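Contents: one structure, followed by commentary.
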Amino acid sequence: SGQISKKPDGVMITGPVHETGAVEGSVNIAVAEEAARTSIINFIAQVKNACNGNLDRVVKIVKINVFVHSHNSFSKQPIVANAASEILAGVFGDDVGRHARSAVGVAQLPLNVSVEIDGIVEIAPSSGL
């Protein structure tokens, strides 16, 4: 399922993204990138759980979908998504961590979060099965 921009302390990064953050209730690109990094870290935690704690079982990050809660004038969703892609490449390396990606601007996300990410991951079978 999708992972949202909820920090370990429970604080969520919320609001639509506007290039400057100047629209009431909105966040700027830098904050949106932080939201993407937070969301992808939560995504990795779920992948680790699916791998019974062993991220070495990840064969390939196939694709991620990055949904950016966007103000109607915001069109730089790929810049926000780059923050998540860079984390995956850093954690898993180029061979495993490089992936296909969609970056989509949406009018609203659950709980008013700024970013939500889901994805497809290929996982090797457990050697204990």
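The values are calculated or read from the model by the stated rules, or taken from the named source; none is laboratory data. On a predicted model such as this, the values are computed, not experimentally measured, just so you know. Cβ atoms come from the backbone with ideal geometry, glycine included; neighbour counts cover every protein chain shown. Ligands, DNA and RNA are stripped out before the accessible areas are found, and what is left, the full protein with its side chains, is counted by its heavy atoms. Shrake-Rupley method; radii C 1.70, N 1.55, O 1.52, S 1.80 Å.
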**OP:** For Asp118, list long-range residues whose amide hydrogen, built 1.01 Å from N in the peptide plane, is under 5 Å from its own amide hydrogen.
**Re:** Gln3, Asn65, Phe67
Original post:
Karplus couplings for region 111-125 from phi (6.51 cos²θ - 1.76 cosθ + 1.60, θ = phi - 60°), rounded to Hz, Gly and Pro as x?
Top reply: 6, 6, 5, 7, 9, 9, 10, 10, x, 10, 10, 8, 10, 6, x
Subject >> Sequence-distant residues sharing a close amide H with Ala103 (under 5 Å, placed H) >> reply: Val66
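Ignoring ligands, DNA and RNA, what percent of the accessible area of region 43-100 is carbon or sulfur (1.4 Å)?
For region 43-100, the apolar C and S fraction of the accessible surface comes to 47 percent.
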Original post:
Rounded to the nearest 10 Å², what accessible area does Val106 show when all protein chains are kept and the probe is 1.4 Å?
Top reply: 30
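In units of 2.2 N^0.38 Å, what is the alpha-carbon radius of gyration of the chain? Walk me through the numbers on the way to the answer.
Working: Rg = 14.9 Å, N = 129, 2.2 N^0.38 = 13.9 Å.
Relative to the rule-of-thumb radius for its length, the chain sits at 1.07.
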Subject >> Other-chain or far-sequence residues with amide H under 5 Å of Lys60's (modelled H) >> reply: Glu122
**OP:** Identify which of Leu111, Leu88, Leu55 has the largest mean-square fluctuation in a Gaussian network model of the chain, with springs joining Cα atoms closer than 10 Å.
**Re:** Leu111
Original post:
Given +1 on the Cβ of Lys and Arg, -1 on the Cβ of Asp and Glu, and no further charges, what dipole in debye does the chain carry about its Cα centre, rounded to the nearest 20?
Top reply: 220
**OP:** Return P(r) of region 1-75 (all Cα-Cα pairs; 5 Å bins starting at 0; whole %; ordered from short to long distances).
**Re:** 4, 15, 22, 20, 16, 11, 7, 5, 2
Original post:
How large is ³J(HN,Hα) for each residue in region 67-83, as worked out from phi by the Karplus curve 6.51 cos²θ - 1.76 cosθ + 1.60 (θ = phi - 60°), to whole Hz, x for Gly and Pro?
Top reply: 9, 10, 5, 10, 5, 4, 9, 8, 9, 10, 4, x, 5, 5, 5, 4, 4
**OP:** Select from Ser73, Ser26, Ser102 the residue whose mean-square fluctuation is largest in a Gaussian network model of the chain (Cα-Cα springs shorter than 10 Å).
**Re:** Ser73
Original post:
Relative to the longest principal Cα axis of the chain, at what angle does helix 29-50 sit, 0 to 90 degrees, rounded to 10?
Top reply: 20
